[in-house]
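Presented below is the structure to which this report refers.
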Amino acid sequence: MINIQCLGSSSAGNAYRISDGHTVLLLEAGFPIKSLQRALNFRMSEIAGCLITHEHMDHSKAARDIMKAGVNVYTSQGTADARGLSGHRLKVIKALEQFQIGTWTVLPFDIQHDVEEPLGFLLANTVGDKLVFLTDTYYCRHRFRDLTHIMVECNYSLDIVNQRVASGHLHPAQKKRLLRSHFGLEHVKGFLKANDISKVQEVWLLHLSDGNSDEERFKREIQETTGKIVKVAER
């Protein structure tokens, strides 16, 4: 059984504690190290590894400090170079080359974002749980089978964005960047319909925009689309 704890999910910072009862992982490190330590009840030593999707600070801020604390950081060469990360605690990984951390088998996969070499992650454990983690992308070409847990960005809805542009609350250039860098409600629905979700136990919606989202609506519409338990990550 997978236990998911959201430590924060917004442009202010992203981090999630994932455990299968044997091996604890940290997905993203987008807060100062002291904030992460407090959120983890100062049990940093239980973290077997930290997976980081890309270089933006709201996902990677504490990467260097996490390595100093004795935790291995797994990320792409592009992300490591962009953040100036190095040392024996840095584990450079590549898309579609799986690796092991304790009881987890991790398969990184390529995604589309306005950074160097961003990744998503497919995590499988020894008892058959399978979790996909997908954030900060506008497209995912991969399809997944036998998923039990989905953690997916649901940053905005196009109709809300268009309304904010029309009212002058959002600059057209900001809309353009948003559409080329983030997963919206419409993307999430398409992703869920394109994948095998027959075994899915819960769907987590991540990284909702403060101004371009509607938490209750997003949760309701994804529940209607999937018939699954839907949770919205705390911002």
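The values are calculated or read from the model by the stated rules, or taken from the named source; none is laboratory data. These figures come from a predicted structure and were not determined experimentally. A quick note on method: Cβ atoms are made from the backbone with ideal geometry, for glycine too, and the neighbour counts reach across all protein chains shown.
Of all residue pairs spaced 6 or more apart or on separate chains, those with beta-carbon atoms under 7 Å, a first member in segment 216-228 that is closer than 12 Å to Cys154 by Cβ and a second member that is assigned to a loop (DSSP other than H, G, I, E, B) are Phe218/Cys154; Phe218/Leu208. When Val161, Val165, Val203 are screened for being touching a residue at least 40 places away in the same chain (Cβ under 8 Å) and touching a His at 6+ places or on another chain (Cβ under 9 Å), only Val203 passes.
Condition check for Leu90 on (1) modelled with pLDDT of 95 or more; (2) touching a His at 6+ places or on another chain (Cβ under 8 Å): one failure, at (2). Taken across segment 56-64, residues that are under 19 Å from His182 (Cβ atoms) and acidic (Asp, Glu) do occur, with at least one present.
Checking the condition surrounded by 15 or more Cβ atoms within 10 Å (Cβ to Cβ), part of a loop (DSSP other than H, G, I, E, B) and among the aliphatic types (A, V, I, L, M), which residue from Val115, Val127 passes? Steps first, answer last, please.
Values: Val127 fails: surrounded by 15 or more Cβ atoms within 10 Å (Cβ to Cβ).
It is Val115.
Working only within segment 167-192, note down all residues that are in contact with a strand residue (DSSP E or B) (Cβ under 8 Å, 6 or more places away or on another chain) and aliphatic (A, V, I, L, M). I'd like the intermediate steps shown before the answer.
Step one: of segment 167-192, the residues in contact with a strand residue (DSSP E or B) (Cβ under 8 Å, 6 or more places away or on another chain) are 182-183, 188, 191-192.
Of everything in segment 167-192, those that are in contact with a strand residue (DSSP E or B) (Cβ under 8 Å, 6 or more places away or on another chain) and aliphatic (A, V, I, L, M) turn out to be Val188, Leu192.
Looking only at segment 132-164, filter to residues that are part of a loop (DSSP other than H, G, I, E, B) and acidic (Asp, Glu); which one of those is farthest from Gly211 (Cα to Cα)? Among those residues, the one meeting the criterion is Asp146.
Would you point out the residue of segment 96-112, among those that are touching a Leu at 6+ places or on another chain (Cβ under 9 Å) and assigned to a loop (DSSP other than H, G, I, E, B), that is surrounded by the most Cβ atoms within 10 Å (Cβ to Cβ)?
If we take residues in segment 96-112 being touching a Leu at 6+ places or on another chain (Cβ under 9 Å) and assigned to a loop (DSSP other than H, G, I, E, B), then Ile111 is surrounded by the most Cβ atoms within 10 Å (Cβ to Cβ).
Among the conditions (1) touching an Asp or Glu at 6+ places or on another chain (Cβ under 6 Å); (2) farther than 24 Å from Glu234 by Cα; (3) modelled with pLDDT under 95, the only one that His113 does not satisfy is (2).
Hey, can you tell me all the residues within segment 1-53 that are of a type in the set (Lys, Arg) and buried (at least 18 other Cβ atoms within 10 Å of the Cβ)? Give the steps one after another, and end with the answer.
Kept after step one, since they are of a type in the set (Lys, Arg), are these residues of segment 1-53: 17, 34, 38, 43.
The one that is of a type in the set (Lys, Arg) and buried (at least 18 other Cβ atoms within 10 Å of the Cβ): Arg17.
Against the test of being in contact with a strand residue (DSSP E or B) (Cβ under 6 Å, 6 or more places away or on another chain) and either within 16 Å of Ser181 (Cα to Cα) or aromatic (Phe, Trp, Tyr) (or both), the options Thr148, Thr135 yield a single qualifying residue, Thr135.
Beta carbons closer than 6 Å, at least 6 apart along the sequence or on distinct chains, pair a first residue in segment 74-90 that is without any contact (Cβ under 8 Å) to a residue 60 or more places away in the chain with a second that is crowded, with 17+ Cβ neighbours inside 10 Å and among the hydroxyl-bearing types (Ser, Thr, Tyr) for Arg83/Ser60. Could you look through segment 196-235, keep only residues that are in a loop (DSSP other than H, G, I, E, B), out of contact with any Ser or Thr (no Cβ under 9 Å at 6 or more places or on another chain) and modelled with pLDDT of 95 or more, and pick out the one that is farthest from Ser9 (Cα to Cα)? Applying the filter and picking the extreme gives Ser198. Which number in (1) farther than 25 Å from Ser35 by Cα; (2) crowded, with 16+ Cβ neighbours inside 10 Å marks the one condition that Met67 misses? Met67 satisfies every listed condition except (1). Scanning segment 86-106 for residues that are under 18 Å from the mean Cα position of the chain (by Cα) and over 20 Å from Ala63 (Cα atoms) turns up Leu96, Gln98, Trp104, Thr105. Going through (1) surrounded by fewer than 21 Cβ atoms within 10 Å (Cβ to Cβ); (2) farther than 21 Å from Leu51 by Cβ; (3) within 14 Å of the chain's Cα centre (by Cα) one by one, Gly184 falls short only on (1).
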